[in-house]
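Chemist: I have a structure here, written as C-alpha cells, and I will follow up with some questions on it.
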C-alpha cells in the first residue's frame, strides 16, 4: 500500500519551491511578465500603446458589413489559403521586410484598415499595423481576437 | 530489477523535464502565447501558468536527477504529463492547429505526434514512479554487501510523504 500512497508533502514542497523561483526569476527579468493580469486585455493595451486602435469581433463585423474598411490578413499565405475573411488581402508580416511599399501601392493611404492574424497571442497583426502606420496609413484598427475567434463565431469566411 | 532501472529511468525522465522547463523559462512570453492558443485556461491564469509551470518542470527534473524528493517529483511530472496530454487531446479533438509549445515557444510539431510522445514519456514516468515508490529496492535474496547508495536513497524516499 505504501507504494500507492501519494507523497503530498513532497509535492507541496516542490510546488512552493517552483513558485518561489518563478516569482524571483520573473523579478530579475528586464521585462517581467505581469503576475496577475488578463492576458487578452494586456494584448489590447499593447496594441493601443503602439498607437493602434483595437476592435472586438462584434465591432469588426459591423465594419465588415459597412464595407468601408479593408481587412488585411497578416498570417502566412498557407494559413490565408486555408480560410480568411471574404475580401481580405493577405499581407504576411514577413513582407514588411521585403518590399511592403510595392505590395501596398494599390491601397491608398486614406484607406481605413482592419488588420488581423490568428488570435491575441499572435503578434503579427500588431507588428504589421505598426509598420503600416509608419508607412503613412492613419486609420488602422487591430482585430485582436483574430481569425480563429471570427471563424468560431460562425461569421463569413472563404477559402482560396 | 528496480535498482537497475531506477537511475537510468530517472536520468532520462529528468533530462526531458529540465530541458523542457529551461526552454520555457528562457521565453515566458512565448510560452504564455502558446498557453493562450490552447484556449483552455481563463485569461487571468495565462501569465501565472506561464511563469510557474516551467519552473515546476525544471525543479522536478533536477530533483529526479539528484535523487531528492523522488516520489514527489515523479508524481508531479506524471501529473503534468497527464494534464498536457489532456490539453493536447482536447485541441486535436477541436481540430485546432496550435503550436505545441512543449519545449518552448512556437514550433510546428504535430499535436498527434506530441500526444504519442507524451504517452511514451508517461509510461517512462510510471516506471520512475514505481522505482521511487518506496519499499524494498532490492530483492530479498540480495545480500547486504550488494546494497548501494542508490538502494538506500530509494528506501529513504519511501518513508517520506
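The values are calculated or read from the model by the stated rules, or taken from the named source; none is laboratory data. Small disclaimer: the values here were computed from a predicted structure and weren't measured. Note that we place each Cβ from the backbone using ideal geometry, even for glycine, and neighbour counts take in every protein chain shown.
Chemist: Return the total of residues in region B:107-137 being buried (at least 18 other Cβ atoms within 10 Å of the Cβ) and at pLDDT below 75.
Modeler: Selection size over region B:107-137: 2.
Chemist: Also, I was wondering about something else. Considering B:21, B:61, B:14, which residue is at the interface with chain A (Cβ under 10 Å from one of its Cβ atoms) and either touching a helix residue (DSSP H, G or I) at 6+ places or on another chain (Cβ under 8 Å) or surrounded by fewer than 19 Cβ atoms within 10 Å (Cβ to Cβ) (or both)?
Modeler: Result: B:21 is the single residue among B:21, B:61, B:14 that is at the interface with chain A (Cβ under 10 Å from one of its Cβ atoms) and either touching a helix residue (DSSP H, G or I) at 6+ places or on another chain (Cβ under 8 Å) or surrounded by fewer than 19 Cβ atoms within 10 Å (Cβ to Cβ) (or both).
Chemist: Might you let me know whether region A:33-44 holds any residue that is modelled with pLDDT under 90 and in contact with a strand residue (DSSP E or B) (Cβ under 9 Å, 6 or more places away or on another chain)?
Modeler: Yes, there is a match, as at least one residue in region A:33-44 is modelled with pLDDT under 90 and in contact with a strand residue (DSSP E or B) (Cβ under 9 Å, 6 or more places away or on another chain).
Chemist: Quick one: how many residues across region B:80-89 are in contact with a helix residue (DSSP H, G or I) (Cβ under 8 Å, 6 or more places away or on another chain) and surrounded by fewer than 19 Cβ atoms within 10 Å (Cβ to Cβ)?
Modeler: 3
Chemist: Starting from residues that are within 13 Å of another protein chain (Cβ to nearest Cβ) and surrounded by 17 or more Cβ atoms within 10 Å (Cβ to Cβ), keep the ones in region A:43-70 and report whichever is nearest to residue A:142 (Cα to Cα).
Modeler: Across region A:43-70, the extreme among qualifying residues is A:44.
Chemist: Any residue that is farther than 25 Å from residue B:29 by Cβ and within 22 Å of the chain's Cα centre (by Cα) - is there at least one of those in region A:51-59?
Modeler: For region A:51-59, residues farther than 25 Å from residue B:29 by Cβ and within 22 Å of the chain's Cα centre (by Cα): present.
Chemist: Of all residues being more than 29 Å from the chain's Cα centre (by Cα) and either more than 7 Å from chain B (Cβ to nearest Cβ) or not in a helix (DSSP H, G or I) (or both) in region A:14-42, which is nearest to residue A:132 (Cα to Cα)? Just the residue, please.
Modeler: Only one residue fits best here, namely A:20.
Chemist: Name the residue, out of B:52, B:69, that is within 7 Å of chain A (Cβ to nearest Cβ), touching a helix residue (DSSP H, G or I) at 6+ places or on another chain (Cβ under 6 Å) and at positive phi.
Modeler: B:69
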